[in-house]
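Here is the structure we will look at.
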Amino acid sequence: MEENLVTLAIHTYEKAQILKSVLEVHGIDAYIHSVNQFLPVGVRVRIKESDLPKALGIIEEMNNKDGINKALEEMNKKPMVLLPIDFSDYSLKACEFAFPLAATLDAEVVLFHAYLPPSFSTMPIGDVINHEGRTEESALELLESAKKNLVELESKIEGYISEGKWPRTKYRHVLREGVPEDQILGYAERHNPRVIIMGSRGSDKKDMDFIGSVTAEIIERSHVPVFAIPENINLNGFEDIKKVAFSTTFDDKDLIAFDKMMTLLKPNNVSVHFIHFENKDDRWAEIKLSGIKAYFQQNYPDNEFEYSLVPGTDILSAYDEFIHKNNIDAIALTTHRRNLISRLFNPSMARKMIFHTDTPMFVFHA
């Protein structure tokens, strides 16, 4: 039976043609209906219903980049995996996941390191004059130290590639002076990587890391999907991710997030367990979960799907119990970008999870 077509957007003829071209570059068949080149509006761009999640994600990215014309400029750019590093052990752990993923996406890995300038540190007023005299020298020392650490890291990377542990993937490094989270987010805004992969400290660290964690800040503020790799992860590499728990709040943006996740995990042939947290018995929530499962089972016939309505008010504990009971390899959830006050006094679930779990986590932004 021929699949139903749905209207994705209504544009002028010129913009409809551009959108059609962008969709087709991404492997989505698109059709223009009700064409009248003399009317300013009313041209419909239609696609197969099964392509709707992916197409919505493409449109969202185009909107984030100030329109269709900007998206066209980026169509021919090589995909990128952005890998912020600080030369710690958990940065190296993130590399274990970034290189195999980049190979499957035919993407370039960008090793990104940002360091704080000497002038950023706080000091007594009486020390300011002496400090200013040393600023330039200290900045050069920081730069040379970063370059030395990069040489050592790239030597390790080449060793793993030569031994066949990691695939041969194009990579390069970028050094920036400034606040790390601001530099990372600025670079991501300009270059639009497919995903940001970062190490995280995991559940055994103290609360003092809570506000200052760069990874947590990126999760809260990035428009790009983030994949956080805990230091104490039990998996050996990206290919070991076989079972994912996808947390849904029944938001329409979950369609976009899910398609982005499946694009990243396509080679793994993952099984997905949809979960929704509810502190009361809600028959309607279970019906919606069942419908979500049926929808994605139809559109992703090669993957296995399950769903669970998880009770309880302590979501962090419920996550722990669910992960261990169902042998979950990774978590996926969506979050909304919020202002500074909201982030400080009402941290998102994604931010709480980054300090609570040793399970890798995909975070997508609605």
Legend entry - Counted residues, region 261-279 - those being out of contact with any helix residue (DSSP H, G or I) (no Cβ under 7 Å at 6 or more places or on another chain) and either exposed (fewer than 13 other Cβ atoms within 10 Å of the Cβ) or not hydrophobic (A, V, I, L, M, F, W, C) (or both): 6
Legend entry - In region 305-326, residue farthest from H276 (Cα to Cα) [restricted to those that are surrounded by 12 or more Cβ atoms within 10 Å (Cβ to Cβ) and of a type in the set (V, I, T)]: I323
Inset, instruction - Select from region 194-218 the residues that are buried (at least 23 other Cβ atoms within 10 Å of the Cβ) and within 16 Å of D358 (Cβ to Cβ) and write down the one among them that is modelled with the lowest pLDDT. - result: S200
Inset, instruction - Output the residue which, of all residues in region 83-122 that are more than 18 Å from V174 (Cβ to Cβ) and charged (D, E, K, R), is surrounded by the fewest Cβ atoms within 10 Å (Cβ to Cβ). - result: D89
Inset, instruction - Within region 280-304, track down each residue that is out of contact with any Ser or Thr (no Cβ under 7 Å at 6 or more places or on another chain) and surrounded by 13 or more Cβ atoms within 10 Å (Cβ to Cβ). - result: D282, A285, E286, K288, L289, S290, K293, Y295, F296, Q297, Y300
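Taking L255, is it at pLDDT below 85 and either in contact with a Pro (Cβ under 7 Å, 6 or more places away or on another chain) or within 20 Å of P360 (Cα to Cα) (or both)? Talk me through it step by step, then tell me what you get.
Values: at pLDDT below 85: yes; either in contact with a Pro (Cβ under 7 Å, 6 or more places away or on another chain) or within 20 Å of P360 (Cα to Cα) (or both): yes.
Answer is yes for this residue.
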Inset, instruction - Search region 173-191 for residues that are crowded, with 17+ Cβ neighbours inside 10 Å and pair each with any residue that is basic (K, R) and in a strand (DSSP E or B) when their beta-carbon atoms are under 6 Å apart and the residues are at least 6 apart or on different chains. - result: Q183/R176
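Give region 327-350 a look and list any residue that's at pLDDT 65 or above and either within 23 Å of Y90 (Cα to Cα) or hydroxyl-bearing (S, T, Y) (or both), or say none.
In the first step, residues of region 327-350 are kept if they are at pLDDT 65 or above; the result is 327-336.
Selection gives N327, I328, D329, A330, I331, A332, L333, T334, T335.
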Inset, instruction - Of the conditions (1) more than 22 Å from the chain's Cα centre (by Cα); (2) assigned to a helix (DSSP H, G or I); (3) at pLDDT below 85, H324 clears all except one; give me its number. - result: (3)
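The values are calculated or read from the model by the stated rules, or taken from the named source; none is laboratory data. Since this is a predicted model, take the numbers as computed values, not measurements. All Cβ positions, even for glycine, are placed from backbone atoms using ideal geometry, and neighbour counts span all protein chains on display.
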